[in-house]
Amino acid sequence: MAAYTTIDNPELYFQTKLYTGNDSDNHSITLDGDENMQPDFLWIKQRGDAGYDHSLTDSVRGNTKMLYTSQTIGEGTHTTGVKSFDSDGFTLGTDDGDSGGSYANLVNYSKNYVAWCWKAGTSFTNDASATSIGDLDSSGSLSQTAGFSICAYTGNGTSGETIKHGLSTAPKIIIIKKSSGGDNWTMLNTNISLNTHLHFTSDGAVSDPMFNNTAPTTSVFTVDSDGQVNGDGNVFIAYCWSEVAGYSKFGKYTGNGNANGPFVWTGFKPAFVMWKKSSGTEDWGLSDNKRDTSNVIGNKLRPNASTLEHTGNAHMDFLSNGWKWRNTNGEYNASGATYIYLAFAEAPFVNSNGVPCNARWSMKFILLISVCSFLQNECKDPIEFNLRFNTWKECALAAFDASKKYLNTMDEKTVNEFRLATKFSCEAIKETWW
């Protein structure tokens, strides 16, 4: 099998970390990967309580500066929030609020948190007038290997201005936020119209050329004059990702409105999937491989809201080469609707040595029905129905309907003469997905 990826170990560039707050200063959080990874971009959310925002910190703006996907305000200052980015994790202080008036809530005692962590690691600066690359100066941190850059720039209010993003490949995803004041988040996804963009709200794609209806190149991206992306004198931060085979995938899919939902191919076993209906109004969703360690995935958070974690809503299977939807909810699988997604890998489908990754398994239940004679006090061998159920309850409820239909196919005289009835069982099985 041919080599597929340049990143055999995605944990060198992205990891999800679960931790519990303890209200203590200098609370060191160590990542779980086999090798050290110093994050440059942290996205943290408290899971168990409503009213606390998704909090974003990066090494370019500095560890004390936070933005919130669920709010449009500018960055807040946490002097004792994220105290440092460490060689294999990060350190937290005791602050659970900020000067911007929002609630980051990173450390509360006994509360559960999730942190999504990306590594960039190589600093860059660009004097546009000196290098003739772009119109506006920019600086930041990047990883060419992982196709990720964090880019800071100051707007001038002129349409069509270009900014160096630092990567050697064209980004497919660019997320911009004015850090110096309040305004919408603005996302470019090149898989949908360049004349549209998305916000971290429940709205669908907005028809407005924030990126000047121009695709990013291998050196720059383009913005128009709107204050969301290029207000005169305002400071902006841009998170830019290009695709890397076996590590990241940014695309779109069409829902089918069926519990046997669409399969989305990525070329890797997902560690992180974020999605949004772009053709209409729905919340964003975000699931990962740490809050759910086996299929079916049931936990999700909403980047556009400060709500608590939604649990128990089985909606997707993580597979070795993508994921499959297992629910009809319009948030991710309305018939004919278009959805965009961002996905990062736990493991490539095939590594650089040609070795495939392990499959995930899920617990399923199969329905077995036997016909029994109360007159003869015996049962025939059970018949397996060609159905798979996610829970025992689903199987048991289906058994009543299946038993009735099965008895109705039998001769009434025989049923009465031998006092026939049905007996069912739901047998648990491990089902492997590739």
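We did not get these values from a lab; they are worked out from the coordinates using the rules stated. Here the structure is a predicted model, which is why all the values come from computation and not from measurement. Positions of Cβ are backbone-derived with ideal geometry, glycine not excepted, and every protein chain shown enters the neighbour counts.
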Practice problem: Mind listing the long-range amide H neighbours of Thr69? Cut-off is under 5 Å, sequence gap 5 or more, other chains count too, H placed in the peptide plane at 1.01 Å from N. | Solution: His54, Leu56
Quiz prompt | the chain: angle of helix 392-408 to the longest principal axis, Cα-based, in degrees nearest 10 | solution = 40 degrees
Quiz item: From the backbone phi of the stretch 254-259, what are the Karplus-calculated ³J(HN,Hα) couplings (6.51 cos²θ - 1.76 cosθ + 1.60, θ = phi - 60°) in whole Hz, Gly and Pro given as x?
Solution: 10, x, 10, x, 10, 5
Quiz item: For Lys164, which aspartates and glutamates qualify as cross-link partners when the Cα separation must be under 13 Å and same-chain residues fewer than eight apart are set aside?
Solution: Asp127, Asp135, Asp137
Exercise. Express the relative contact order of the chain as a whole percentage, based on alpha carbon pairs under 8 Å and six or more residues apart in sequence.
Key: 15 percent
Quiz item: Which lysines does Lys269 reach when only Cα atoms under 28 Å apart count, and residues fewer than 8 places away in its own chain are ignored?
Solution: Lys17, Lys45, Lys119, Lys172, Lys249, Lys252, Lys277, Lys290, Lys300, Lys324, Lys364, Lys430
Quiz item: Which value, in Å³ per residue, describes the convex hull spanned by the Cα atoms of the stretch 122-241?
Solution: 91 Å³
Quiz item: Expressed as cubic angstrom per residue, what is the convex hull volume of the alpha carbon set of the stretch 304-425?
Solution: 191 Å³
Self-check item: Ranked by how many other beta carbons lie within 10 Å on average, peptides 237-249, 320-332 from highest
Solution: 237-249, 320-332
Quiz item: What Rg and what Dmax come out for the chain when only alpha-carbon atoms are used, in angstroms?
Solution: 25.4, 97
